[in-house]
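The values are calculated or read from the model by the stated rules, or taken from the named source; none is laboratory data. On a predicted model such as this, the values are computed, not experimentally measured, just so you know. Cβ: placed from backbone, ideal geometry, glycine included. Neighbour counts: every protein chain shown. Surface accessibility is based on the protein's heavy atoms, side chains included, excluding ligands, DNA and RNA. Shrake-Rupley method; radii C 1.70, N 1.55, O 1.52, S 1.80 Å.
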Amino acid sequence: MSSPSRRSSSPESNTSGGGGGADERKRKRMLSNRESARRSRARKQQRLEELIAEAARLQAENARVEAQIGAYAGELSKVDGENAVLRARHGELAGRLQALGSVLEILQVAGAPVDIPEIPDDPLLRPWQPPFAAQPIVATAMADAFQF
């Protein structure tokens, strides 16, 4: 399906003089296509290298996060153990308190003098209440510190 106006790139056609312009255009187009293909391969290679670097970065970040999760799981296990001990201690102390309350009731019903000392006002006995008055946090002082 080649047209009769196209000429081959043989040495005879270059010497004939009539088809020199077409051969020159063909040669330039081939060089342009080669250069375009070279740039395309270079872009593809650069993108591949970027993806490989990103994959390595993500794998390192994944390993770091997994290590952090492992550390948090260890801490959680430790806190769960401490919590179980505290719950058991709470149950034991609640039982003792109930037994002491029953003994106290029996003594009061029997008419025995019971001298109950006053419990001192210790802030450690009220952990849900802070031992100091709550003070408001002033946000404007920090806002001034970051102004340029």
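Laid out as a table, the results:
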| quantity | calculated |
| --- | --- |
| Contour excess over end-to-end distance, with Cα ends at VAL109 and ARG57 and 0.36 nm allotted per residue | 11.1 nm |
| Solvent-accessible area of GLU61 with every protein chain in place, 1.4 Å probe, in Å² to the nearest 10 | 80 |
| Proportion of all alpha-carbon pairs of segment 24-113 beyond 14 Å (%) | 83 |
| Solvent exposure ordering (accessible area, 1.4 Å, most first) of ASP80, ASP115, ASP23 | ASP115, ASP80, ASP23 |
| LEU100 paired with GLU35, simple spin-label distance in nm, labels 7 Å along Cα-to-beta-carbon | 9.5 |
| Solvent accessible area, Å² - VAL103, 1.4 Å probe, full protein context | 80 |
| Computed E for GLU50/GLU24 - FRET, C-beta separation, R0 35 angstrom, nearest 0.05 | 0.35 |
